[in-house]
Amino acid sequence: MIDILIIGSGPAGLTAAIYAARARLSHIVAEKDFMGSGAVAVTEQVDNFPGLYGISGYELGERFRKHAEKLGTEIKTAEASEILKTENGFVTRFKDGSEIESRTIIYSAGTSYRRLDVEGGALLGVSYCATCDGAFYDGKTVAVIGGGDTALTDALYLAKIAAKVYLIHRRGEFRANRSLVEKVKDSANIELVRSAKPTKILGEKHVSAIQTEQNGETKTFDVNGVFVAIGSVPNTKILEGLVELDERGCVIADENGRTSLNGFYAAGDVRAKALRQVITACADGACCVNSVEEDLNL
């Protein structure tokens, strides 16, 4: 039996691994994606992580993982399917049939993209990752749906590749930070489409246009691709009935990562909190390990 099973290898999970290694706590990181480092890996550029201005998200994630491995962290590629509370801790079962017994669990499995639920949403050309698929739209016209930091970052990234970018947001004002809003407004090939709700994506097999409802009128924009950035949902399905979740499905935990279940801690984007950034995820991971040390009286 190990001291800590860390589920998820994003910034929160890998920071927890680094702190666990330094505390000489036996631990394993379980991650469903091979060589995964969380959602940060598909972020083109990170400008708000202290000391590493302008680093690519992929490189930052790689540094986290290599740091943890340098300290001896074992990373297991497997997806957790069931978590059972036992008298001495937990048994976690994985989809590959394996099991891990641990005294504690730090759950940092992150979030998944929120899907666009409209007719045509499954057409080829609808993407949830601008950095993954943006290169296919060199010189073409695309739409980005959303109004937060991710949507505006995606629009700015795509503006370097596409001839034109429509940024479609259901509200009149953006929720993104002001610096991103200013950059978007200053971009010559980004057209803002505000107070507009996407209602349908048109095309036979591939996207050809997007239809919106704006101020009571239906408007259609000819586009070659649609990039969706309308938020995320926490990966907490397997926690239902195990720990307390909020109405959104996030794990309710205090600032030290403690949840409603003794020995079970939550870190990163799965935790119910106001700010979800790389730096807050890292802080969560560190706090969780500190709580483990205190609770196990080590």
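Rule-based calculations on the coordinates, nothing more; no lab input. Computed from a predicted model, the values in this text were never measured in an experiment. Quick reminder, even Gly has a Cβ in these numbers, built from the backbone with ideal geometry, and neighbours come from all protein chains shown.
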Report the local net charge at V29: Lys and Arg +1, Asp and Glu -1, summed over other residues whose C-beta lies under 10 Å from its C-beta. -1
Candidate lysines - alpha carbon under 29 Å from K140, same-chain residues fewer than 8 apart omitted: K160, K164, K183, K185, K197, K200, K205, K219
Please work out the C-alpha center-to-center distance from the stretch 83-100 to the stretch 42-75 and express it in whole Å. 29
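What order do you get for 193-201, 79-87 when each peptide is scored by the mean count of other beta carbon atoms within 10 Å, highest first? Walk me through the numbers before you get to the answer.
Values: 193-201: 18.2, 79-87: 13.8.
The most tightly packed comes first, giving 193-201, 79-87.
Once you compute Rg and the Kirkwood Rh from C-alpha atoms, what is the Rg to Rh ratio for the chain? Numbers along the way, then the final one.
Details: Rg = 20.8 Å, Rh = 20.4 Å.
Checking Rg against Rh, the ratio lands at 1.02.
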In the chain, once you exclude exposed chymotrypsin sites (Phe, Trp or Tyr not before Pro) (DSSP loop, at most 12 other Cβ within 10 angstrom), what's the longest stretch remaining? 54-298
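Show me the helices of the chain, taken as full DSSP H stretches, that run 27 Å or more along their long axis by Cα and average -1.0 or above in Kyte-Doolittle hydropathy.
Values: long enough: none.
Membrane-span-like by this criterion, though nothing is claimed about a membrane: none.
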Let me know the charge dipole size of the chain about its Cα centre in debye, to the nearest 20, where only the beta-carbon of Lys, Arg (+1) and Asp, Glu (-1) is charged. 580
Once the dipole of the stretch 150-227 is set up from charges on Cβ (+1 Lys and Arg, -1 Asp and Glu), the residue from the list N224, N177, A163 lying farthest towards its positive end is N177
So, counting K/R as plus one and D/E as minus one, what does the shell of residues with Cβ under 13 Å around I55 add up to? -3
